Amino acid sequence: MGRWEPDARGRLEKAAMELYTQRGFDQTTVAEIAERAGLTKRTFFRHYTDKRDVLFAGANYLQDLVVKAVAEAPAAATPIAAVVAGLDAAAELLQERWSGARDRQAVITANPELRERELIKLANLAAGIAAALRDRGVPDRAANLTAEAGIAAFKCGFEDWVARPEPHDLATVIRESLDELRAATEAL
């Protein structure tokens, strides 16, 4: 192996997903991921803290993107409209990654530890959105409720999106989830 290999992070991610899909997450080792990528374990640990991190490495970027979009929504936007702006930003980022998102979701769904980490990621995302809403002047309780409702719609929409046999517009699928939530709560 050479001293420097281009796109080591991308190669490690590709190798990990191939192995997770073929063999399962628990049956895959860091050494196998590095070997499949043509790299060393040391290189793996320069990029990732552990083999779970490969699946969740983009979480901070996604959260920053969503929170920024919520914060930058027009001042006149309602709290839910600001959240939708954030979810639209997430959808735009994820839209071209449907196949990879499907594979990632299948790996996560098959492993309770990974499902727990995914829920923690979503809880952190909701907390970030709620903080952005509070910064916009939304009271605490309304900020929390709106953020949690937005994340629930995102989660349901995302799961529907990756379950479909062909890619669809993720923003539209998320909005369908929001519409269903709106319809379910209208009678209150």
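Just so it is clear, none of the values below were taken in a lab; they were calculated from the coordinates. All values derive from a computational prediction rather than experimental measurement. Don't worry about glycine lacking a Cβ; one is built from the backbone with ideal geometry, like all the others, and counts go over all protein chains shown.
For the chain, what are the DSSP H helices with axial Cα length of 15 Å or more and mean Kyte-Doolittle hydropathy of at least 1.0? Spell out each step's value before the answer.
Values: long enough: 8-23 (22 Å, -0.96); 59-71 (18 Å, 0.76); 79-95 (24 Å, 1.33); 98-109 (16 Å, -0.54); 112-135 (35 Å, 0.08); 140-163 (34 Å, 0.20); 170-185 (23 Å, 0.24).
Going by DSSP H runs, the hits are 79-95.
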For region 56-75 and region 145-188, distance of Cα centres in Å = 18 Å
remark   = Using the Kirkwood radius over Cα pairs of the chain, the Stokes-Einstein translational diffusion coefficient at 20 °C and 1.002 mPa s, in µm²/s and rounded to a whole number, is 120 µm²/s
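Under 20 Å between C-alpha atoms is the cut-off here; go through the chain and count lysine pairs that meet it, provided they're at least eight residues apart or on different chains.
Lysine pairs, 8 or more places apart or on different chains, close enough: 7.
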inquiry  = Name the residue from Thr43, Pro139, Gln63 whose Cα lies farthest towards the positive end of the charge dipole of the chain, charges +1 on Cβ of Lys and Arg and -1 on Cβ of Asp and Glu.
reply    = Thr43
Estimated 222 nm signal from helices in the chain, with DSSP H stretches of n ≥ 4 weighted -39500 (n - 2.57), rounded to 500 = -24000 deg cm²/dmol
message = Just want to confirm a number: the relative contact order over the chain, from Cα pairs under 8 angstrom separated by 6+ residues, in percent.
response = 19 percent
